[in-house]
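Structure, as structure tokens:
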């Protein structure tokens, strides 16, 4: 007699709030009611377009028959462009690996580092992929606090208190998803000092590095220490408005004798999956070496929509919103006692505004929050904020 297939234990605790909340939205859509999606950071769903020169480079590569497997580590022309870009930021790269989105780069870095029972320090709030991958690896995603009262900067003392003999790495997301914080050099230097003291790897997610909304310089943490092992993640998805290309990369830096074995472990994983998308890799040198007019236009739109978002949300009784300085997310606090997941579900059911509950981004802060994207045009944002304001009056 056939028996039900039992999933592995490693999948039991995997959650991804950004996509999971769509299940609630589908119930409303199935009932024929409208939805305003402010939950997923996909610019091309709105009035942002993938730059034409990236599309043309990909199309040209396909016409030139770059449609078979590439080298597992990536097309040499593209790898060289990534290494040159890293050097221009002050990083001394050891190697670059091209991956299927930055997500695969993160997967490679964690899978090559973490053993059963070991832990990695992850920002809370922070991008939930790290928690999901560590759950799969049967490692521990150990949260460290971001301080809302200090522009969501990492709490260095709390990071230090979370380190033990089983800690392998510190994850830094800069600019941060979901808060939009852009970290100061002092903060980054303090994190480096902790990593050196405890012999830890730094895993730095810089996928939003060019989307800085207040004129502040973005600093790559790997540029501040050329000996310490650092893996820097990036890709074409956000700054280059090409999330569907699924092209990302990892840049490994640090003293060669410290990172060579770790890098080879990541190469093994790259070889095992054969390669990343081949023709899209030819968009990398065009993106990194080409014009960036689209970035200027993107920042202009985002700054206007950010300012509208902060003004509208802070005018709603029961909601407080810090000013995000990077990326395209806001992480408002709900200043009433509630379960933020239930609050978000009710918001979707009653108004059709789809956001993500703050607790889906980690266990801290303890106060209720929600994340929204301010990518849509102003008319859609204003309609969404009108509905949230009406909902809050009823909720309160």
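Tabulated results
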{"read-out": "Any hit, the range 31-46, residues being in the same structural domain as residue 382 (by TED's automatic domain parsing), assigned to a loop (DSSP other than H, G, I, E, B) and without any contact (Cβ under 8 Å) to a residue 24 or more places away in the chain", "value": "yes"}
{"read-out": "Matching helices (runs of 4 or more DSSP H) fully within the range 250-325 where at least 1 residues are without any contact (Cβ under 8 Å) to a residue 40 or more places away in the chain", "value": "256-272, 293-314"}
{"read-out": "Residue ID - nearest to residue 123 (Cα to Cα), chosen from residues in the range 205-249 that are in contact with a strand residue (DSSP E or B) (Cβ under 8 Å, 6 or more places away or on another chain) and part of a helix (DSSP H, G or I)", "value": "221"}
{"read-out": "The one condition in (1) in contact with a helix residue (DSSP H, G or I) (Cβ under 7 Å, 6 or more places away or on another chain); (2) closer than 17 Å to residue 177 by Cβ; (3) assigned to a loop (DSSP other than H, G, I, E, B) that residue 364 fails to fulfil", "value": "(1)"}
{"read-out": "Residues of the range 1-26 satisfying the condition of being in contact with a helix residue (DSSP H, G or I) (Cβ under 9 Å, 6 or more places away or on another chain) and within 29 Å of residue 238 (Cα to Cα)", "value": "11, 13, 14, 15, 16, 17, 18, 20, 21, 24, 25"}
{"read-out": "Qualifying residue in the range 327-341 (condition: crowded, with 20+ Cβ neighbours inside 10 Å, assigned to a helix (DSSP H, G or I) and out of contact with any strand residue (DSSP E or B) (no Cβ under 7 Å at 6 or more places or on another chain))", "value": "no"}
{"read-out": "Options 56, 73; residue that is in contact with a strand residue (DSSP E or B) (Cβ under 6 Å, 6 or more places away or on another chain) and over 30 Å from residue 178 (Cβ atoms)", "value": "73"}
{"read-out": "Exclusive hit being outside the structural domain of residue 202 (by TED's automatic domain parsing) and farther than 16 Å from residue 82 by Cβ, set 269, 347, 274, 241", "value": "347"}
{"read-out": "Residue pairs meeting the criteria (Cβ under 7 Å; at least 6 apart or on separate chains; first outside the structural domain of residue 125 (by TED's automatic domain parsing) and surrounded by fewer than 16 Cβ atoms within 10 Å (Cβ to Cβ), in the range 371-396; second modelled with pLDDT of 95 or more and part of a helix (DSSP H, G or I))", "value": "378/305; 378/308"}
{"read-out": "Checklist (1) within 25 Å of residue 118 (Cβ to Cβ); (2) touching a helix residue (DSSP H, G or I) at 6+ places or on another chain (Cβ under 9 Å) applied to residue 162, failing item", "value": "(2)"}
{"read-out": "Residue within the range 89-102 that is within 24 Å of residue 152 (Cβ to Cβ), assigned by TED's automatic domain parsing to the domain that holds residue 202, surrounded by 19 or more Cβ atoms within 10 Å (Cβ to Cβ) and touching a strand residue (DSSP E or B) at 6+ places or on another chain (Cβ under 8 Å) present", "value": "yes"}
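Here's the yes/no breakdown for (1) surrounded by 18 or more Cβ atoms within 10 Å (Cβ to Cβ); (2) farther than 18 Å from residue 90 by Cβ; (3) at pLDDT 95 or above:
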position: 147; (1), (2), (3): no, yes, yes
position: 152; (1), (2), (3): yes, yes, yes
position: 177; (1), (2), (3): yes, yes, yes
position: 189; (1), (2), (3): no, no, yes
position: 208; (1), (2), (3): yes, yes, yes
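Okay, residues lined up against (1) at pLDDT below 95; (2) closer than 23 Å to residue 62 by Cβ; (3) loosely packed, with under 15 Cβ neighbours inside 10 Å:
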position: 268; (1), (2), (3): no, no, yes
position: 276; (1), (2), (3): no, yes, no
position: 280; (1), (2), (3): no, yes, no
position: 287; (1), (2), (3): no, yes, no
position: 298; (1), (2), (3): no, no, no
position: 302; (1), (2), (3): no, no, no
position: 305; (1), (2), (3): no, no, no
position: 308; (1), (2), (3): no, no, no
position: 314; (1), (2), (3): no, no, yes
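The values are calculated or read from the model by the stated rules, or taken from the named source; none is laboratory data. These numbers were taken from a predicted model, which means no experiment stands behind them. Please note: Cβ atoms are built from the backbone with ideal geometry, for glycine as well, and neighbour counts cover all protein chains shown.
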